[in-house]
Amino acid sequence: MRNPHRKGFAAFISDCSTWALTGGTSYKIYLLALLAMIGTGVWAYSTQFREGLIVTGMSNIVSWGLYISNFTFFVGVAAAAVMLILPAYIFKDQDFHEVVIIGECVAVGALVMCLLFITVDMGGPHRLWHIIPGIGLFNWPSSILTWDVLVLNGYLALNSLVPLYILYCNYHNRKPVDWKYRPFVFLSIFWAVSIHMVTAFLYEGLPARPFWNNPLLGPRFLASAFAAGPAVIMMVIIAIKETTTYPIDPIIFKKLKRIIVVAAVINLLMLFSEVFKEFYTFTHHSMSAQYLFFGLDGHNALVPWIWTAISLNILGTLLFAFDPTKCNTKYLMTAAISLFTGIWIEKGFGLIVPGFVPSPIGEVVDYVATKIEILITLGILATGMLIVTLLTKPALHILSRFKDTQFTQKRH
């Protein structure tokens with residue numbers, strides 16, 4: 001270990017890299033498994049890059065599939081970091097302050113996944129360059145996709161730089177200066193809401209797609225994000241508690257559970273409100289909902305998915321709301337996986353694909369993801385998990401050491 005008084009940014013990066021890559025045999029196997037998944041995803045993308053989007057299950061009728069479904073969901077996961085940032089930095093909740101860095105690491109991993117899903121969905125770099133400011137045909141401010149790319153990159157910068165500054169100060173055994181980072185915390189709270197509302201406007205602003213042309217879509221995006229996102233963060237915190245020595249106060253699970261229950265109940269209310277609107281006064285605009293929930297003209301590929309999603313959604317909400325174990329981690333992990341999976345399916349396939357079916361001229365075409373799409377998607381998910389792991393591990397090391405040092409100094 002170097003003399004702490006002589007450490008600079010290069011030493012900070014070097015030590016963080018060492019801590020991120022150091023671990024036992026299980027940890028190394030875990031990293032190798034993620035790298036193998038990423039390698040398989042790169043191979044699958046090379047096939048798509050070479051042969052084009054024809055290797056996917058998407059078509060002229062259903063032009064968005066697994067990629068955009070996951071993009072939509074993980075934008076919500078990224079935005080959900082605000083549920084920890086708000087109480088930790090603004091209301092100075094000490095319990096959330098202990099884990100807010102974990103939430104920000106999850107947000108960074110989710111945002112990188114979102115940008116990768118957009119990249120692979122565009123087919124290749126000959127289309128991707130159009131969303132680069134000053135080079136491509138950016139169509140700003142009229143293009144909602146342009147706004148989405150801007151807010152996602154801005155939120156990624158905020159969620160990277162604020163924790164980086166705090167950790168860098170803690171690494172040098174000093175507290176961060178409030179005025180240097182708190183303005184950016186306020187900005188990131190506003191930005192978190194923006195990224196998901198702008199993503200909702202991508203769909204909501206399409207009048208030819210009545211399934212999406214719904215003013216409730218934006219608020220429902222936020223409700224589902226603030227349920228599924230904290231559920232993901234809870235899963236990560238449980239994994240940290242079970243596999244590391246970093247102290248996690250049980251009160252954090254209790255507080256996260258309250259947030260999840262409130263958001264999950266609101267999300268379910270909005271879901272049932274939409275179902276009532278679609279089927280109580282059934283019109284031609286309800287055909288997409290008919291296709292999703294009950295099938296249309298013999299096409300029922302999504303029916304088992306949506307009912308599984310709703311069942312898991314309700315199950316996860318009930319498990320969180322009525323917890324007889326008083327925050328047992330295995331019980332909470334089961335509840336979090338149920339809610340996460342339910343919202344992932346419902347907000348993914350259940351939202352994107354029915355928007356295209358039937359087409360404006362009445363065509364009904366099923367969408368089924370191909371092996372190439374699944375492998376690319378798994379590769380991107382593995383990339384996100386790897387980023388979260390490599391960011392979280394050194395962050396917890398620095399925070400633990402800083403807390404120990406502060407405690408020792410107070411005793412003397």
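Once neighbouring chains are kept in place and the probe is 1.4 Å, which whole percent of the accessible area of segment 109-260 is contributed by carbon and sulfur? Before the final figure, lay out the partial values.
On the way: 4730 of 6650 Å².
Taking all protein chains in place, segment 109-260 shows 71 percent carbon and sulfur surface.
With every protein chain kept in place and ligands, DNA and RNA left out, what is the accessible area per residue of segment 288-412? Probe 1.4 Å, answer in Å². It would help to have the intermediate numbers written out before the result.
Details: 5730 Å² over 125 residues.
Ligands and nucleic acids excluded, the figure is 46 Å² per residue.
Write down Rg/Rh for segment 262-412, rounded to two decimals, with Rg from the C-alpha atoms and Rh from the Kirkwood relation over Cα pairs. If you can, show how the numbers build up before the last one.
Working: Rg = 21.8 Å, Rh = 19.0 Å.
We get a ratio of 1.15 for segment 262-412.
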Problem set entry | Kyte-Doolittle at least -0.5, axis length at least 30 Å by Cα - qualifying DSSP helices, the chain | 25-51, 100-121, 144-171, 178-204, 217-243, 250-280, 371-411
Seminar exercise, completed: For segment 107-197, the per residue accessible area (1.4 Å probe, Å²) is 47
For this session: Tell me what the chain gives for mean residue ellipticity at 222 nm when only DSSP H runs of n ≥ 4 count, each as -39,500 (n - 2.57), the sum divided by the residue total, rounded to 500 deg cm²/dmol.
Result: -24000 deg cm²/dmol
Seminar exercise, completed: The distance between the Cα centres of segment 16-72 and segment 373-412, in whole Å, is 21
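With viscosity set to 1.567 mPa s and temperature to 4 °C, compute the Stokes-Einstein D of segment 261-325, Rh being the Kirkwood radius across alpha carbon pairs; µm²/s, no decimals. Don't skip to the answer; put the middle values down first.
Values: Rh = 13.2 Å.
The calculation lands on 98 µm²/s.
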Exercise. At q = 0.11, 0.13, 0.15 Å⁻¹, what log₁₀ I(q)/I(0) does a Debye calculation on the Cα points of segment 63-218 give, no solvent, two decimals?
Worked result: -0.49, -0.66, -0.84
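Could you sort TYR203, TYR165 by accessible area so the largest value comes first, with the probe set to 1.4 Å?
Values: TYR203 0, TYR165 55 Å².
In descending accessible area the options line up as TYR165, TYR203.
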Problem set entry | ASP404/MET235 FRET efficiency (R0 30 Å; Cβ-Cβ; nearest 0.05) | 0.65
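By the scheme Lys and Arg +1, Asp and Glu -1, what is the net charge of all other residues having a beta-carbon under 13 Å from that of LEU111? Write out the running numbers ahead of the final one.
On the way: positive: none; negative: GLU104, ASP148.
Within the 13 Å Cβ shell, the charges total -2.
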Exercise. Working out 0.36 nm times the residue gap between THR47 and PHE190, then minus their Cα-Cα distance, what length gain in nm do you get to one decimal?
Worked result: 47.5 nm
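Counting only protein chains, not ligands or nucleic acids, how are PHE356, PHE272, PHE407 ordered by accessible area (probe 1.4 Å), most first? Kindly include the intermediate steps, with their values, before the conclusion.
Numbers: PHE356 10, PHE272 100, PHE407 125 Å².
In descending accessible area the options line up as PHE407, PHE272, PHE356.
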Exercise. If ligands, DNA and RNA are left out, what is the accessible area of CYS105 with a 1.4 Å probe, given in Å² to the nearest 10?
Worked result: 10
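Which FRET efficiency value, to the nearest 0.05, do you get for TRP19 and PHE282 by plugging their Cβ-Cβ distance into 1/(1 + (r/R0)^6) with R0 = 60 Å? Don't jump to the answer; show the numbers that get you there.
Values: r = 59 Å, r/R0 = 0.98.
Computed FRET efficiency for TRP19 and PHE282 comes out at 0.55.
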For this session: Give LYS92/LYS180; LYS92/LYS175; LYS257/LYS403; LYS241/LYS393; LYS241/LYS330 a once-over and call out the pairs whose C-alpha atoms are over 18 Å from each other.
Result: LYS257/LYS403
Problem set entry | Kirkwood Rh and Cα Rg combined as Rg over Rh, evaluated for segment 1-124 | 1.09
Exercise. Can you tell which of PRO215, ASN313, SER194 lies farthest toward the positive end of the dipole of the chain, using +1 and -1 charges on the Cβ of basic and acidic side chains (Lys, Arg; Asp, Glu)?
Worked result: SER194
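Compute the length gained on full extension between LEU315 and ASN153: take 0.36 nm times their separation in residues and subtract their Cα-Cα distance, giving the result in nm to one decimal.
54.8 nm is the gain from fully extending LEU315 to ASN153.
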Problem set entry | When the convex hull of its Cα atoms is projected in every direction, mean area for segment 309-349 (nm²) | 2.4
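Work out, step by step, the length gained on full extension between SER143 and ARG182: first 0.36 nm times the residue separation, then minus their alpha carbon distance; give nm to one decimal.
Difference between extended and current length: 10.9 nm.
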For this session: Calculate the spin-label point distance for LEU32 paired with HIS172, positioning each point 7 Å from the Cα along the beta-carbon direction, and give it in nanometres.
Result: 3.9
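With r defined as the distance between the Cβ atoms of ILE135 and TRP305 and R0 fixed at 60 Å, what FRET efficiency is calculated, to the nearest 0.05?
Numbers: r = 39 Å, r/R0 = 0.65.
So, using R0 = 60 Å, E works out to roughly 0.95.
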Exercise. How big is the accessible area of PHE211 in square angstrom, nearest 10, if you roll a 1.4 angstrom probe over the protein chains?
Worked result: 30
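Ordering TRP191, TRP147 from largest to smallest accessible area (1.4 angstrom probe), what's the sequence? Before the final figure, lay out the partial values.
On the way: TRP191 60, TRP147 95 Å².
Greatest to least solvent exposure: TRP147, TRP191.
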Seminar exercise, completed: Whole-Å distance linking the alpha carbon centroid of segment 179-214 with that of segment 220-234 is 14
Seminar exercise, completed: Out of THR22, THR72, THR329, a Gaussian network model of the chain with alpha-carbon springs under 10 Å gives the largest mean-square fluctuation to THR22
Problem set entry | Separation of alpha-carbon centers, segment 83-149 and segment 252-311, rounded to whole Å | 26
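The values are calculated or read from the model by the stated rules, or taken from the named source; none is laboratory data. For clarity, every value in this text was computed on a predicted model and none was experimentally measured. With ideal geometry, Cβ positions are generated from the backbone for all residues, glycine too; neighbour counts draw on all protein chains shown. Note: accessible area is taken over every heavy atom of the protein model, side chains too, but ligands, DNA and RNA are not part of it. Shrake-Rupley method; radii C 1.70, N 1.55, O 1.52, S 1.80 Å.
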